[in-house]
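Trainee: To start, I am sharing the structure in question, which I have written as structure tokens.
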Amino acid sequence: MSNDFKMSSLIAQLRTVAFFAGLKGEVLDDLARHALWREYAPGEVVFLEGEPASGLYLLRHGWLKAVKSSPEGREQVLRFIGPGETFNEAGVFANWSLPATVYALEPAGAWLLQRDAILRLLRERPDFAENVLENMARRVIDLVDLVADLSLRPVTGRLARLLLETADGDELLRPRWYTQAELAARLGTVPDVIQRAMRGLDADGVIEVDRQRIRICDREALEALAA
């Protein structure tokens, strides 16, 4: 991939990101000129919790996961990160060390928008700062919802809500990495419990499960479980 093609591809992607909505072409050009391209193999660490923040990442292709780990090695998945999404906002905008570890789930490529360029935009462009505040507020709400799910909903309710939120219509395609172990880490439980919950929903005709997909058969029943 040539540098010119990479640059034009990055600028086109920046136009679709909520953080950068409304910014003029020359501003996006400047961001793109200072961006660094990174590629990751499955299982590779993008960055580790506690490291200093180097910039804002924008995922171009592949899937990643952001996790917090206990001293015993148990993981809580904070989010799965898909193409077109940004990550490491807290490290950049709040000047904190990185709050989570991010791994590649499959071959992935991401742009690193360097912190100095982002902070310069914050100082010079009030409209950009407003976009940042709005989108950071959404991320806080997402984390509050995650805490509420983990503390207030049973596993079957958490699973029902996740399926409703992530399905495309009535079907959720399952990449190879989307295993029951990954689902368990996302929902704050263990694979055996997830397996029993999915078998129960399948037996009740609420969902239909195979290796490549999960199909919602009874949306009304799933919504009742998620409520």
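Every read-out reported here was derived from the displayed coordinates using simple, explicitly stated rules and does not represent laboratory data. Computed from a predicted structure; not experimentally measured. No Cβ is skipped: glycine too gets one built from the backbone with ideal geometry, and neighbour counts run over all protein chains shown.
Trainee: How long, wide and thick is the stretch 1-90, going by the Cα atoms along their three principal axes, in whole angstroms, largest first?
Mentor: 48, 27, 22
Trainee: How large is ³J(HN,Hα) for each residue in the stretch 44-61, as worked out from phi by the Karplus curve 6.51 cos²θ - 1.76 cosθ + 1.60 (θ = phi - 60°), to whole Hz, x for Gly and Pro?
Mentor: 6, 7, 7, 7, 10, 3, x, 6, x, 7, 9, x, 9, 9, 10, 7, 8, 8
Trainee: Ok, one more. Can you tell me the alpha carbon radius of gyration of the stretch 19-142 divided by the globular rule-of-thumb value 2.2 N^0.38 Å?
Mentor: Taking the Cα Rg and dividing by 2.2 N^0.38 Å, one obtains 1.06.
Trainee: Could you tell me the distance between the Cα centroids of the stretch 1-53 and the stretch 81-142, to the nearest Å?
Mentor: 11
Trainee: Rg over Rh of the stretch 64-105, using C-alpha atoms and the Kirkwood radius, what does it come to?
Mentor: Computed over Cα atoms, the ratio is 0.99.
Trainee: Shifting gears a bit: At 0.36 nm per residue, and after removing the present C-alpha to C-alpha distance, how many nm does the segment from ALA18 to GLU49 gain when stretched out fully?
Mentor: 8.6 nm
Trainee: Moving on to the next point. GNM, the chain, Cα, under 10 Å: largest mean-square fluctuation among ALA32, ALA137, ALA160?
Mentor: Maximum among the listed residues: ALA137.
Trainee: Stokes-Einstein D for the stretch 168-227 at 4 °C, 1.567 mPa s, Kirkwood Rh over Cα pairs, in µm²/s?
Mentor: Translational D for this selection: 108 µm²/s.
Trainee: Give the long-range amide H neighbours of GLU44: residues separated by 5 or more places, or on another chain, with amide H under 5 Å away, using H modelled in the peptide plane at 1.01 Å from N.
Mentor: Close amide H contacts, sequence-distant or interchain: ALA104.
Trainee: Mind checking the full-extension length gain between GLU72 and ASP168? Use 0.36 nm per residue of separation minus the Cα-Cα distance, one decimal, nm.
Mentor: 31.0 nm
Trainee: Need the full-extension length gain, ARG176 to VAL144, defined as separation in residues times 0.36 nm minus the C-alpha distance. One decimal, nm. Working shown, then result.
Mentor: On the way: separation 32, 0.36 × 32 = 11.52 nm, distance 2.89 nm.
Between ARG176 and VAL144, full extension yields 8.6 nm more.
Trainee: From largest to smallest, what semi-axes in whole angstrom does the stretch 150-199 give when each is the square root of 5 times an eigenvalue of its alpha carbon gyration tensor?
Mentor: 17, 14, 9
Trainee: If Lys and Arg each add +1 and Asp and Glu each add -1, what is the summed charge of the other residues whose beta carbon sits under 10 Å from the beta carbon of ARG79?
Mentor: Local net charge: +1.
Trainee: When the Kirkwood hydrodynamic radius is evaluated over all pairs of different C-alpha atoms of the stretch 81-227, what value in angstrom, to one decimal, is obtained?
Mentor: With all distinct Cα pairs of the stretch 81-227 included, I get 17.7 Å.
Trainee: Another question, if that's okay. Under the rule of -39500 (n - 2.57) per DSSP H run of 4 or more residues, summed and divided by the residues of the chain, what mean residue ellipticity at 222 nm is obtained, to the nearest 500 deg cm²/dmol?
Mentor: Mean residue ellipticity, 222 nm, calculated: -14000 deg cm²/dmol.
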